[in-house]
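One structure below.
The values are calculated or read from the model by the stated rules, or taken from the named source; none is laboratory data. Worth saying up front: this structure is predicted, and the values here are computed from it rather than measured. FYI the Cβ positions are ideal-geometry reconstructions off the backbone, even for glycines, and counts take in every protein chain you see. The accessibility values were calculated without ligands, DNA or RNA, using every heavy atom of the protein model including side chains. Shrake-Rupley method; radii C 1.70, N 1.55, O 1.52, S 1.80 Å.
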Amino acid sequence: MKNYDVTIGIPVYQAEQYLSRSLESALAQTYSSIEFLLVDDGSTDSSLAIIQRYQNNHPRGTDIRVISFERNQGVSSARNRIIDEASGTYLYFMDADDTIADDTIKLLIDNIWRYEAEIVFGSYKKIGTDGSLEVYQYPNLLLLGEDQLATFAYRKYAGVQASACNYLVKTSLLRAHCHRFIDTDYWEDLVFTFDLVTLVSRAVLLPDITYSYWCHDNSLSRYQQRHQIPKEEILRNARTVDHLRETSALLYNKVYFPNRCYIIAMTGFYMACSVLKRRHDIAPAISDHEIKAMLTHPSTFRQICRFRQSRFRNLALYLLGKLPARLCVMSIRCLGKLKKLV
């Protein structure tokens, strides 16, 4: 198997409408040593035929490798297979309906080598279905010491992008720590990146816009497009946050631990607000106790009292989650209305 500097990994499922645009942007990269590794996750549309057409006809077609699943296994399984199979020293994920700038890989790997970094983040933009544009831009920042990236990432809610796309990371780092996507169809990106920053010692953030997220009405995260939501789906999504609580137990002595706890607790709060907003559409009915469980704090009362950062914010969320279920839900609803979340 040929060795490459970079693998661009793309999970593909029912992507025929957008796949050509995405592949064109990937194949247009100015950097030469790139493997294009696509996992066809059991698509029943023409996605695989589109990939094969590029393999046969594009000048970089021999650098395209396809792995096909017989049945749909979900984006987490597809990305984990990419981690296992990637030939590149560095790995870059993108989605099959998004696009990247022509110089994305060149820019990121130049900074990898210049600073001997393990990961480099590019900035990005979101393009709405109505053509609206939102730009998310990082400062030009070097974080070249242990825990510096995690400290930066947890300094505020969404300190780094929740997506697993648009950063170049050392493949061996992921494999050495057995860092994987958890088995879920919601927020798998957030969990992967949220925990990944704790493993990185040398990171670079760039203000350059390297990635375009194209929003679509059929996004999995768009509950507002649906008239009925299965309760099991809600509870499965809540277990995604449980995973972050569990991985936090090993990080108690880290300086960033209080801020990490606050972000996890706030994520649970936002999830509870979303559930309350659509509660009448969830079937079977979700109970107050199940909503309250979303506010379970990743730390103990004694630990919070020792925090030097975010002590009172964590304490407020901890106590909110300790109220009787009915009172807890009433309080979440009131706070959510104040924040215009419910």
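Miscellaneous remarks
- Here the spin labels are modelled as points 7 Å beyond Cα on the Cα-Cβ line, and at Ser132 and Lys2 they lie 4.3 nm apart.
- With all protein chains kept in place, the per residue accessible area of the range 189-342 amounts to 51 square angstrom at a probe of 1.4 angstrom.
- Surface composition of the chain: carbon and sulfur atoms hold 50% of the protein heavy-atom accessible area at a 1.4 Å probe.
- Nonlocal amide H pairs with Ile282, under 5 Å, H built at 1.01 Å: Ile229
- A Cβ-based charge dipole, computed about the Cα centre of the chain with Lys and Arg at +1 and Asp and Glu at -1, lands at about 2000 debye.
- If you look at the Cα atoms of the range 66-220, you get an Rg and a Dmax of 15.3, 44 Å.
- Rounded to the nearest 0.05, the FRET efficiency derived from the C-beta distance between Lys337 and Trp214 at R0 = 30 Å is 0.40.
- Residue of His243, His179, His297 that the Gaussian network model of the chain assigns the largest fluctuation, springs spanning Cα pairs under 10 Å: His243
- For the residue pairs Lys231/Lys254; Lys106/Lys170; Lys156/Lys339; Lys292/Lys339, the alpha carbons lie more than 25 Å apart in Lys231/Lys254.
- Helical content of the chain, expressed as a calculated mean residue ellipticity at 222 nm, amounts to -12000 deg cm²/dmol (DSSP H runs of 4 or more residues, -39,500 (n - 2.57) each, divided by residue number, nearest 500).
- Segment Ala285..Leu327, full-extension length gain: 13.3 nm, with 0.36 nm per residue of separation and the alpha-carbon distance subtracted.
- Cβ-based charge dipole, the chain, positive-most Cα from Thr151, Tyr186, Ser212: Thr151
- Solvent exposure of the range 70-110 as accessible area per residue, Å², 1.4 Å probe: 37 Å²
- Packing-based ranking of 127-134, 83-90 yields 83-90, 127-134, ordered from highest to lowest mean Cβ neighbour count within 10 Å.
- Efficiency of FRET from Cβ geometry, Arg311 and Ser201, R₀ 30 Å, rounded to 0.05: 0.65
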